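Inspection log for the structure reproduced underneath, given as structure tokens.
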Amino acid sequence: MDLTRLSLEQLSGGLRRGEWSAADLARCCADNHQRHEPVLQAYKTWNGEGAAVTAGLADQLLARGVDLGPLMGLPVSVKDLYAVRGLPTFAGSVEALGAAWEQPGPLMAGLERQLVPVMGKTHTVEFAFGGIGVNAHWGTPRNPWKVAEHRIPGGSSSGAGVSLAQGSAVLALGTDTAGSVRIPASVTGQAGLKLTHGRWPQEGIVPLSPSLDTPGILARSVEDLVFGFRAIEQGLGRAPAPIIAPEALSGLRLGRVDAFFLDGADPAVVAVYDWAMTQLAAQGASVRGAELPGCNDAYEIFRQGGLAAPEFCAFLKAELPGRMDRLDPVVRLRVEGAESLSSVDYLLRVRALREAAQRALPVFRTADVLVTPTVAVTPPRLDALQDPEAYRHANMLVLRNTSIANLLGLCAVTLPIGLDAQGLPVGLQLMAAPWAEERLLAAALLIESHLGKPADVLGAPDFLQ
């Protein structure tokens, strides 16, 4: 089977009509894994046999007319921060965290109830602390668009976008604390959704910064993001609201935020971004310049370690004493000094971010969504980041545009809009007010319908050509 041209809705419908089986889908994903994984290296733990068993059970129940949910029988990959029954959780660290991290939280339990085959657990930056995607313990997945050059896959959900590109999963679960869903989605040519903090439960997911962490999903298109979002909402026991894109762009108000988000951006990325905004305006969208108050203040706190560094140190001391000295050097680089931060200084950071988030909200009175490039630079080669200072600079620049949505409490999505001059994907980031995921996804659907789906906009990645 060629999964690349079939949406999740089509795959789900075909299962129920008997056009193919869940076992067929799992087998196809396993074949793609066997063919491409030795080069792309998306997975820490492969679960092909377990996924085949789940797929077989889904087929048996569907044959009897038992339907457990929209994602039933559809193969997914899961970031190695999620507790998944029967699979170890390493969180990118040097050894597994123990049996307690094999007990699924509410989100994974909802997928279990839908009989979703988990193809495996994808690589992550150690404890999700980094936007580049590197891991000194287990290796770094290769960006599928420039395999020979070993361009970064984006982090911290570093294997998630790669798993979709190689066709070993049709939906990928990640987490997003400062861009860890949107960055890998953007640089590997996928769509990605960062939710409002607190919308989906964090239990059963190894924490980095509980104040900012949120589960998220990567998919091959915005259309698939919508399907996955609504299915997971249903798995959590909620009645998902319909998300329908308007037919015309004329009613969509886009706030183009260039200040801050284009500072130091690669001209090749800006060129693709400018082209996309010109196309949307020409087709009827209202595109106006906008300012997002609080960006600089929030980002300065982030540069100093934000909330993640002290909260991560607290987690290690409480749950995994002794791990600090065994951290990946690039992770240790980001938490140095966090132990010396006073409680007063930490609370001042919390207060400053809360105030910045309040200052940002009025912009949504005149814009439905704000638009920026997702990642302001072309994904660098891994060999250019060996020097610690080069890594630090690149990591902060890759994280900059996405981190703002987390720091200001917004929801956000990325979708592919083209290839830059080096043949690497460029993502368009949309940001919306807190708890406005339905509006955000409707806007993203509308934009995708006019600019084109990823397979049409980008073509085939390097490793398939």
Practice item. Could you provide, to the nearest whole Å², the per residue accessible area of the stretch 119-212 with probe 1.4 Å? Key: 15
Review point. Between residue 247 and residue 67, what FRET efficiency follows from the Cβ-Cβ distance if R0 is 25 Å, with the result rounded to 0.05?
Key: 0.25
**Study point:** Dipole magnitude (debye, nearest 20) for the stretch 321-401, charges at Cβ of Lys, Arg, Asp, Glu
**Key:** 320
Point to revise | the chain, accessible surface, carbon-and-sulfur percent (1.4 angstrom probe) | key: 52
Practice item. Subtracting the Cα-Cα distance from 0.36 nm times the residue separation, let me have the gained length for residue 288 to residue 259 in nm, one decimal. Key: 9.1 nm
Study note, to complete from the structure: In the list (i) 158; (ii) 126; (iii) 166, the entry giving volume of the Cα convex hull per residue in Å³ computed from the coordinates is (ii)
Review point. Which of 104, 139, 152 sits farthest toward the positive end of the charge dipole of the stretch 74-193, with +1 on the Cβ of Lys and Arg and -1 on the Cβ of Asp and Glu?
Key: 152
Check your understanding: How many Å² of accessible area per residue for the stretch 336-465, probe 1.4 Å?
Key -> 40
Point to revise | Dipole axis of the stretch 365-463 (+1 Lys, Arg; -1 Asp, Glu on Cβ), positive-most option in 415, 460, 404 | key: 404
Exercise for review: For the chain, compute the number of Lys pairs whose alpha carbons are separated by less than 17 Å, excluding pairs fewer than 8 positions apart on the same chain.
Suggested key: 4
**Study point:** Sites residue 345 and residue 325 - FRET efficiency at Förster radius 22 Å, r taken between beta-carbons, to 0.05
**Key:** 0.35
Review point. Mind ordering 305-316, 258-269 by average Cβ neighbours within 10 Å, highest first?
Key: 305-316, 258-269
Practice item. About the Cα centre of the chain, how large is the charge dipole given +1 on each Lys and Arg Cβ and -1 on each Asp and Glu Cβ? Please answer in debye to the nearest 20. Key: 460
Exercise for review: Ratio to report: Rg/Rh of the stretch 12-149, with Cα atoms as the point set and Rh obtained by the Kirkwood method; give two decimals.
Suggested key: 1.01
Check your understanding: Between residue 355 and residue 300, 0.36 nm times their residue separation minus their Cα-Cα distance comes to what?
Key -> 18.4 nm
Check your understanding: Highest mean first, what order results for 43-49, 439-445 on Cβ atoms within 10 Å?
Key -> 439-445, 43-49
Exercise for review: With just the Cα atoms of the stretch 416-465, tell me how far they stretch along each of the three principal axes, in Å, largest first.
Suggested key: 40, 18, 16
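The values are calculated or read from the model by the stated rules, or taken from the named source; none is laboratory data. These numbers were taken from a predicted model, which means no experiment stands behind them. Methodologically, a virtual Cβ is constructed for each residue, glycine included, from the backbone with ideal geometry; neighbour enumeration extends over all protein chains shown. Ligands, DNA and RNA are stripped out before the accessible areas are found, and what is left, the full protein with its side chains, is counted by its heavy atoms. Shrake-Rupley method; radii C 1.70, N 1.55, O 1.52, S 1.80 Å.
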